[in-house]
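To keep things clear, I will list the structure first and then write my remarks on it.
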């Protein structure tokens, strides 16, 4: 009797009054487990959904254009949720988006933008001049002081027009407004005022191709296609961005079809993906050159003071060998610290690997036996690169000791000018143009400038005041030539960022915007039939 | 008894206070979180603005005082990175961690206890040797390696189990095994040594002399007594599993508290690290207090001695 009661109670718990036994339960579980395996692959492969395996933890601050720093990562989400007046798009680094067109006055003091007719936010409200003004004024990310200082006023003559009046001519206004900052990414004024800044981050509304559905901090972001997007209705109805921090796990998830797109797969794992039928790599060359920097070159007592020694170091680096060994050859070797995608980039002579000539230069400079160069400082994430450089330099007699430092500590030390002796392996993925890159790393007063050359410094204000674009480009070219001639840096490559896609992905939208690491534009994504 | 409990509660409060001091100052030794929240080359003004926003520009003792004041009000602060209250983040992840921990604990007890008993009654034999090997591997193999091998075999090669994430019972199997193995090994060791202690005691010899069958001696007389320290350890281990399964949760992208702690450490998100450690410590203290009180209730010598 008690056994029967027990059995009935168990059956009730299972929601089944037929009287399931313990043995029945075990059998059902086993069948469920076996049947469940293929179901997972099917779930991930939902017809109208693409699933991403993201390498970094998604943060709500990335839903908020006003807080965008000058780094590339937040744009991974911004391109889906939001839209900008002008932004980099395939084939055009300053493509008209929410701005249908714009014009600049001859004196360079006024920029007039015409807002695209029919552009609207996810809540159905139209994008207006007030939203554009509001978005600019509330911007508080990197360079907000600069953006504020340069602006005299923002006028909104009617809902379809906005006029920016500058205090003085600023040739880089569009560069900063379109890509280097988030000031040109438009948020709905009424909604933000209604829900507040925190509320906006919890439930963002933008004018981008995908609407916010849900977000679990550090776990998952779900987006849904916005039918009213002005450019086109996205073909993929739903995007799921899952955070999978471990690279090997991301690769396994891609192989199993649990995700369709994996960001950042490197080294042997990338090779493994390459060899797997149905999977493919989508490498992107980032706007992130890496280089060696010689901070002692302004010290007359240092061997680095002699340009021939710096040239020798440049010739000693086996960039191609390093590229093949560490990044499957997907980096783009370079001889400039300005990315080739930047406006006013000057193409220097190609970097050459010639250790014999490097030794000749060392002898000519009075160091036939080489010298001890002290420490080679680097961000520990890229110590593998620094190790190769160290060996290459040792081959011509320049001996160094590797000093890898945790990323934040390295950058703090670099910018606070702690590494006055030795060699620094640096990099920058910041947005901008040739002028901004030179200002940061070459011209006197730049945050990473340990010393400078008066001829280059003198050219910098000239280009900043020059409103004739051709003349300005000529000055910036001259500056880059001088950087090359003086061998201030030994550039290595523009970093290759390797993504991988599964068999369901049609158009992955990788590498369509030069230098951008992630999918964009999202509305162009497709799933194979 | 009342005095005993009051004294134990006092120890608990002191432990929590020391923990709060330690974790508060320890996380601040790791460096400045502002440098991880801005792009390289950010101006000093930008960094100063972040310091001000998060109250990091105040003297350390003032920061600690505010932290404790908030803590007394049940507020663990707001995450720097996620800009969400830490308690909210913790509670979002807690169900996942509890689920993983309970399943892993179940596995570890299911494996550890029987194999420990078997090793103790077959001492020097095959099962004892096998148990030692199992223990050695469980304690020495790093869980990230176990996790990756499991993914490779069961997910990639065999295609039976999902590689990462949460949501179905299948998602639980590999992380629970990767987490549970280490603890299964420690439970097995403790069960074995505890059983050996008990089997050597006088009342077991008496039971044998009385002619009781071996199975009855083991099951009824030895096992029950040997189980007490194992269950005590299991209680503490369960709290550890809930709060610090950092590696396993990261490898399997399991959205639990361990991964939250990992993210907190990675981003120098002081409120997250402080919150997770304080709540984990609180759980351990409560479990210990409960066990102490239980011991005192069961064994009068403990409360009398104290």
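Rule-based calculations on the coordinates, nothing more; no lab input. Note that the coordinates shown come from a computational prediction; the quantities given were computed from them, not determined experimentally. Here Cβ is always computed from backbone atoms with ideal geometry, including for glycine, and neighbour counts include all displayed protein chains.
Over all Cα atoms in segment A:229-374, the spread is summed up by Rg and Dmax: 21.8, 66 Å. Counting alpha carbon pairs within less than 8 Å and at least 6 residues apart, what relative contact order, in whole percent, applies to chain B? Relative contact order, chain B: 28 percent.
Remark: mean inter-chain Cβ contacts per residue of B:244-256 equal 3, using a 10 Å Cβ-Cβ cutoff to other protein chain atoms.
Modelled label positions at residue B:295 and residue A:391, each set 7 Å beyond Cα in the direction of Cβ, lie 5.7 nm from each other. Enter the Cα centre distance for the pair segment A:377-445 and segment B:175-201, rounded to the nearest angstrom. Taking the Cα centre of segment B:175-201 as reference, the centre of segment A:377-445 is 51 Å away. Based on the Stokes-Einstein relation at 10 °C and a viscosity of 1.306 mPa s, and on the Kirkwood radius from alpha carbon pairs, segment B:79-123 is assigned a translational diffusion coefficient of 120 µm²/s. A Förster distance of 56 Å, applied to the separation of the beta-carbon atoms of residue B:137 and residue A:146, puts the FRET efficiency at 0.45. Length gained on full extension, residue B:94 to residue B:158: 20.0 nm, using 0.36 nm per residue less the C-alpha separation.
The length gained by stretching the chain between residue A:417 and residue A:137 to full extension, at 0.36 nm per residue less their Cα-Cα distance, is 97.5 nm.
Taking square-rooted eigenvalues a ≥ b ≥ c of the alpha carbon gyration tensor, is segment A:111-200 rounded, prolate or oblate, where a/c under 1.5 means rounded and, failing that, a/b exceeding b/c means prolate? The shape class here is oblate.
If R0 equals 30 Å, the separation of the Cβ atoms of residue B:144 and residue B:282 corresponds to a calculated FRET efficiency of about 0.60.
Counting beta carbons within 10 Å around each of A:440, A:251 and listing the fewest first gives the order A:440, A:251. Remark on segment B:31-185: hydrodynamic radius 19.8 angstrom, per the Kirkwood mean of 1/r across alpha carbon pairs.
For segment B:122-251, the relative contact order comes to 30 percent (Cα pairs under 8 Å, sequence separation of at least 6). Evaluate the Debye formula for the protein assembly as shown with equal point scatterers sitting on the alpha carbons, no solvent, and hand back log10 of I(q)/I(0) at q = 0.06 Å⁻¹, in q order, two decimals. With one equal scatterer per Cα and no solvent, log10 I(q)/I(0) is -0.50.
Extension gain, residue A:301-residue A:477: 0.36 nm per intervening residue step, less the Cα-Cα distance, totals 60.3 nm. For the segment B:155-161, counting C-beta atoms of other chains within 10 Å of every residue's C-beta and taking the mean gives 5. The calculated FRET efficiency for the pair residue B:75 and residue A:340, based on their C-beta separation and a Förster distance of 51 Å, comes to about 0.50.
The C-alpha atoms of segment A:294-432 occupy a region whose extents along the principal axes are 40, 32, 31 Å, arranged from largest to smallest.
Give the peptides B:206-216, B:181-191, A:441-451, A:282-292 in descending order of average Cβ contacts within 10 Å, highest first.
Descending mean neighbour count gives B:181-191, A:282-292, A:441-451, B:206-216.
If you take the square roots of the eigenvalues of the alpha-carbon gyration tensor of segment A:396-529 and sort them as a ≥ b ≥ c, do you get rounded (a/c under 1.5), prolate (a/b over b/c) or oblate? Oblate, since a/c reaches 1.5 and b/c is not below a/b. Any idea what % of Cα-Cα pairs in segment A:376-425 are farther than 17 Å? In whole percent, the long-distance tail amounts to 30. When peptides B:132-145, B:266-279 are ranked by their average number of other Cβ atoms within 10 Å per residue, the highest-first order is B:266-279, B:132-145.
Exposure proxy check: A:247, A:523, A:227 ranked by fewest other beta carbons within 10 Å?
Result, fewest neighbours first: A:227, A:247, A:523.
Averaged over the residues of peptide A:255-267, the number of Cβ atoms from other protein chains lying within 10 Å of each residue's Cβ is 2.
Three principal axis extents of segment B:139-253 based on alpha-carbon atoms, in descending order, are 56, 29, 26 Å.
Debye calculation, C-alpha points only, no solvent: report log10 I(q)/I(0) for segment B:158-211 at q = 0.15, 0.18, 0.19 Å⁻¹, in the same order as the q values. Taking Cα atoms of segment B:158-211 as identical point scatterers yields -0.61, -0.70, -0.73.
For chain A, DSSP calls about 70 percent of its internal beta bridges antiparallel. Computed over the Cα atoms of chain B, pair by distinct pair, the Kirkwood hydrodynamic radius stands at 22.2 angstrom. Between segment A:83-134 and segment B:69-141, what's the alpha-carbon centroid distance in Å? Answer, in whole Å: 54. Note on residue A:457 and residue A:407: the model spin-label points, each 7 Å out from Cα along the C-beta direction, lie 3.4 nm apart.
Can you put A:229, A:79, B:157 in order of Cβ neighbours within 10 angstrom, beginning with the fewest?
Ascending number of Cβ neighbours within 10 Å: B:157, A:229, A:79.
Highest-first packing order for the peptide set A:133-140, A:59-66 is A:59-66, A:133-140, based on the mean count of other beta carbon atoms within 10 Å. Highest GNM mean-square fluctuation among B:294, B:231, B:150, for chain B modelled with Cα contacts below 10 Å: B:294. Roughly speaking, what is the centre-to-centre gap between segment A:328-360 and segment B:153-172 when only Cα atoms are used, to the nearest Å? Each part's Cα centre sits 45 Å from the other's.
Each Cα pair under 8 Å and six or more residues apart adds its separation to the average, and for segment A:271-333 the resulting relative contact order is 25 percent.
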